[in-house]
Amino acid sequence: MRHLLFEARAALASPNRNARSAVVLGRLLGLAFVVCFGTGIYSHLLQEPLGWMRFPTRPTQLYQFTQGLHITTGIAIIPLLLAKLNTVMPALVQVPPVRGVLHLFERLSIAVLVSASIIQVTTGLLNTYQWYPWPFPFRQVHNAMAYVIIGSLIIHIASKLPVIARYWRKRDSYDELGRFIADPASGSELLPPTREARPASAPHAAVSETVGSTAPGLLGRVFRWIDGVDEVAAQPAADTAEPTRASRSVDERAQGRRQRIARRGFFGGVTAAVVGVVALTAGQSSKLAEPFNVFGARQRGLGANGLPVNRTARAAGVLASATAADWTLTVVGPDVTRTFVRAELVALGTTEVDLPISCVEGWSQMATWKGIRMRDLLGAVQAEPGSHVRVTSLERHGGYRIMDMGPEYAEDPTTLVALELNGSTLDLDHGFPARVIAPGRPGVLQTKWIEKIEVLR
């Protein structure tokens, strides 16, 4: 039984579970969380802007870039987070779990950071597939959770600043043989404790390098029994002769070699996992990675009009109203209101533009749109320059049935009430008889099946 338990402890032992590995992975995770936070806040403000806000309309692919970066980075966080948790596992399950009031608050901040991060990346990943097996609204909770993560991350970095500074540089973390330098003065909880030597017959030297048996109480006694430390201490002095300087040198070089190989293997595996998940999903938003898009929620070029569909006409409940023969578009100005049938819209003069459709779930694709400039429609009802616009869909339910548009979009020459897509009449699922397309906006704000445009001011 002791041999089996020792084998299990040997399997869990790893020279990568040290402060330097935690710092390296923490840097990558911190950068990834900051990127996701910034791009996520930008997306949220586009959907719920403050009254004074104005957003850039150039480059036209801005949102395609920021949201693609947001989703891709969020997916890359998953293997990085698992690697980080694996590295710091000894600290997470330390005995005793709390050593004082300050340590309690530090542990609570870590618990919040870890749990919030797991929830955030899990729900974010499921959102890319539009699967919501939870009762709360995703967008609002996802936004609030981002602030929780950033706040707890700042607290965590502040509490671990001495450790981060001590093990920031590689040359300060390993000796000339490649062995990790344990510095108790740093305050790290991932330092291998000092312990007696293992018997020469120990099957795994890795345990003597990385696993200590200094835990107090019953747990410490169990660990010492598993590792055979008490037996070594009980042996006569003749049986535990001091190793020679030459044998110590050979053993130290072997330890350094083992640790270097373990580090390279571990970080090589983490790198392969990150590159793999990114390469196999980034194709839903990047043309360069399109051939490798195996797990992306959408495939570019597939769907009606050669474009993927997020929300169908059936799901929106507009099958009858969107195909009605008496459909009209009403444009309400400050003093003038006009109603247009499709032929009258075409008579105003159509324009063709190339704009991407970029969805919050991460997929995007460039397309050719043809329709009437929004500013021409506003001019037809004598709207003042700089007017805000409200667009209403034929949908009767849904959070995006009504969309407000700032003047920076309404006056942009590439903002259209689109009637055609990729050389053909709009498919019903893409917003027939008319929809909005504007530069640099989320797909949920490119309202489909529109029935009314109002000038607000």
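The values are calculated or read from the model by the stated rules, or taken from the named source; none is laboratory data. Computed from a predicted model, the values in this text were never measured in an experiment. Note that each Cβ is placed from the backbone with ideal geometry, even for glycine, and that neighbours are counted across all protein chains shown. Side chains included, ligands, DNA and RNA excluded: accessible areas come from the protein's heavy atoms. Shrake-Rupley method; radii C 1.70, N 1.55, O 1.52, S 1.80 Å.
Is at least one residue of the range 400-410 closer than 30 Å to GLU290 by Cβ, of a type in the set (Ser, Thr, Tyr) and in contact (Cβ under 8 Å) with a residue 60 or more places away in the chain? Yes, some residue in the range 400-410 is closer than 30 Å to GLU290 by Cβ, of a type in the set (Ser, Thr, Tyr) and in contact (Cβ under 8 Å) with a residue 60 or more places away in the chain. ARG54 fulfils the conditions (1) closer than 22 Å to GLN446 by Cβ; (2) touching a Ser or Thr at 6+ places or on another chain (Cβ under 9 Å); (3) basic (Lys, Arg) except for a single criterion, (2). Here LEU82 fulfils each of the conditions (1) open to solvent by less than 60 Å² (accessible area, probe 1.4 Å); (2) at pLDDT 95 or above; (3) under 25 Å from VAL275 (Cα atoms) apart from (1).
Tell me yes or no: at least one residue of the range 87-106 is over 23 Å from PRO184 (Cα atoms), crowded, with 19+ Cβ neighbours inside 10 Å, in contact with a helix residue (DSSP H, G or I) (Cβ under 9 Å, 6 or more places away or on another chain) and not aromatic (Phe, Trp, Tyr).
no
VAL112: at pLDDT 95 or above, surrounded by 15 or more Cβ atoms within 10 Å (Cβ to Cβ) and of a type outside the set (S, T, N, Q), yes or no? Criteria met by VAL112. Exactly one residue out of THR73, THR39 is in contact (Cβ under 8 Å) with a residue 24 or more places away in the chain, closer than 20 Å to VAL141 by Cα and touching a Cys at 6+ places or on another chain (Cβ under 6 Å), and it is THR73.
For the range 30-69, give me the residue count where each residue is part of a helix (DSSP H, G or I) and open to solvent by 60 Å² or more (accessible area, probe 1.4 Å). Count: 4.
Residue-level analysis places GLY178 among those that are open to solvent by less than 40 Å² (accessible area, probe 1.4 Å) and either of a type in the set (A, V, I, L, M, F, W, C) or over 26 Å from LEU113 (Cα atoms) (or both). Looking at the structure I just gave you, is LEU190 surrounded by 19 or more Cβ atoms within 10 Å (Cβ to Cβ), more than 15 Å from the chain's Cα centre (by Cα) and modelled with pLDDT under 95? For LEU190, the condition - surrounded by 19 or more Cβ atoms within 10 Å (Cβ to Cβ), more than 15 Å from the chain's Cα centre (by Cα) and modelled with pLDDT under 95 - is met. The numbered conditions (1) open to solvent by 10 Å² or more (accessible area, probe 1.4 Å); (2) touching a Phe, Trp or Tyr at 6+ places or on another chain (Cβ under 9 Å) are all true for LEU456 except (2). I'm checking my understanding of the structure. Among residues of the range 403-457 that are under 29 Å from the mean Cα position of the chain (by Cα) and of a type in the set (Gly, Ala, Ser), which one is nearest to GLN382 (Cα to Cα)? Per the criteria, the residue is GLY406.
Within the range 133-153, the only residue that satisfies the criterion of being in contact with a helix residue (DSSP H, G or I) (Cβ under 6 Å, 6 or more places away or on another chain) and without any contact (Cβ under 8 Å) to a residue 24 or more places away in the chain is PHE138. Kindly provide the set of residues from the range 251-296 that are open to solvent by less than 30 Å² (accessible area, probe 1.4 Å), within 25 Å of the chain's Cα centre (by Cα) and not aliphatic (A, V, I, L, M), ordered by number. Passing the criteria: GLY276, THR281, GLY283, GLN284, SER285, ASN293, GLY296. Hey, does the range 15-29 have a residue that's modelled with pLDDT of 95 or more, open to solvent by 60 Å² or more (accessible area, probe 1.4 Å) and in a helix (DSSP H, G or I)? There is at least one residue in the range 15-29 that is modelled with pLDDT of 95 or more, open to solvent by 60 Å² or more (accessible area, probe 1.4 Å) and in a helix (DSSP H, G or I). Please go through the range 297-338 and pick out each residue that is among the hydroxyl-bearing types (Ser, Thr, Tyr) and open to solvent by 40 Å² or more (accessible area, probe 1.4 Å). Once the filter is applied, which keeps residues that are among the hydroxyl-bearing types (Ser, Thr, Tyr) and open to solvent by 40 Å² or more (accessible area, probe 1.4 Å), the range 297-338 yields THR312, SER321, THR323, THR328, THR337.
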